[in-house]
Amino acid sequence: MTDVAARSGLPAVMWLRQNGLSRSLFNEEAILEEDRPDHIGGYEVKNLLADLARLSGEPVGARPVLELLIGDILTRASVEPAGLDLYLCVTGMLPPCDGGLPLSALAGRRHADFELLWHADHGRYVVVRKIPLHSLTDERSVMDELLNTAGLAQDCLKELAGK
């Protein structure tokens, strides 16, 4: 008797799609919420960033970086290693300004979930956030973090301007 190992479920569908099957074998909307993964992995986030960069006409390297201009804030997102884990690194570059602005007004918020740094070469402040991938559940949550970072950068800009 010969034992045969066969893939089943979602891994089988993913394998079939990667090897030439272009349509789904089952109704993906019928998957129960508890059957969905709790988080999106580094491979999926990298592919999302690469696909979006290609759609925007940007060249894509081995480590894809997605740049989006949201209002006055230029955001950049990439997947970066942190020890054994991966995180989504999102930066929000504020518009150029004088470097003499005090950071003391933001001292209480600086360590909450982002850092506010001065980029001397570009003459602007940069908001840096590192979001663990295990806290992201799907593609929408990745895009939400880009928008959240742009919002934080906009808030910092208002506070630095004294508004």
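Under 5 Å between amide hydrogens, built in the peptide plane, is the criterion, and for residue 40 it picks out 136, 137, 138 among residues at least 5 positions away or on other chains. Sorting 124, 140 by solvent-accessible area of protein heavy atoms yields 140, 124, largest first, with a 1.4 Å probe. Charge tally around residue 90: other residues with Cβ under 13 Å, Lys/Arg +1 each, Asp/Glu -1 each, net -3.
Summing +1 for each Lys or Arg and -1 for each Asp or Glu among the other residues whose beta-carbon sits under 10 angstrom from that of residue 139 gives -3.
With the whole protein complex present, residue 137 retains an accessible surface near 80 Å², based on a 1.4 Å probe.
The values are calculated or read from the model by the stated rules, or taken from the named source; none is laboratory data. Owing to the predicted nature of the structure, the values given are computational and were not obtained by experimental measurement. Here the Cβ is made from the backbone with ideal geometry for all residues, glycine too, and neighbour counts use every protein chain on show. With ligands, DNA and RNA removed, areas are computed over all heavy atoms of the protein, side chains included. Shrake-Rupley method; radii C 1.70, N 1.55, O 1.52, S 1.80 Å.
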